[in-house]
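Structure first, then comments.
The values are calculated or read from the model by the stated rules, or taken from the named source; none is laboratory data. In this text, all values refer to a predicted model and were calculated from it rather than measured experimentally. Please note: Cβ atoms are built from the backbone with ideal geometry, for glycine as well, and neighbour counts cover all protein chains shown.
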């Protein structure tokens with residue numbers, strides 16, 4: 001059975017005077033190529049309805065457990081949020097922003113999940129692992 005996911009993703013990244021707007025936009029699209037971006041005053045805003053590429057990056061970088069922890073820590077009433085480091089994103093890498101705020105600012109991501117539940121969507125994005133390997137629900 002193919003799962004149907006209905007999600008709305010909002011992405012916001014500050015653009016400081018010392019930064020080139022196009023480079024900040026590149027950082028966002030490196031992680032979220034499905035996002036439709038808009039330039040605002042001092043920020044880039046994006047909207048998407050899929051995190052498939054982001055999920056592929058989590059698998060490729062083998063950081064599923066870290067991602068799950070961040071997603072569940074940011075869970076709230078049918079949604080979850082997390083922050084990412086801009087410099088890593090510019091290089092196409094996922095690096096969650098934890099602890100001290102980054103001097104370049106962070107890419108803030110908010111995901112509202114309409115179907116299925118947040119937990120089921122997190123399992124889709126970053127499945128549970130055993131010894132670092134994703135556990136296949138059907139296998």
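Remarks
- You will find that of 122, 94, 98, the residue that is at pLDDT below 95, within 15 Å of residue 9 (Cβ to Cβ) and outside any strand (DSSP E or B) is 122 and no other.
- Meets criteria (under 20 Å from residue 8 (Cα atoms), at pLDDT 95 or above, in contact with a strand residue (DSSP E or B) (Cβ under 9 Å, 6 or more places away or on another chain) and surrounded by 16 or more Cβ atoms within 10 Å (Cβ to Cβ)) for residue 108: yes
- Any hit, the stretch 64-80, residues being modelled with pLDDT under 95, touching a helix residue (DSSP H, G or I) at 6+ places or on another chain (Cβ under 8 Å) and under 21 Å from residue 37 (Cβ atoms): no
- Verdict on residue 57 being modelled with pLDDT of 95 or more and farther than 17 Å from residue 108 by Cβ: yes
- Just so you know, in the stretch 1-19 the residues that are in a strand (DSSP E or B) and over 15 Å from the mean Cα position of the chain (by Cα) include one that is surrounded by the most Cβ atoms within 10 Å (Cβ to Cβ), and it is 14.
- Subset of the stretch 89-110 that is without any contact (Cβ under 8 Å) to a residue 40 or more places away in the chain and out of contact with any helix residue (DSSP H, G or I) (no Cβ under 6 Å at 6 or more places or on another chain) - its residue that is nearest to residue 20 (Cα to Cα): 103
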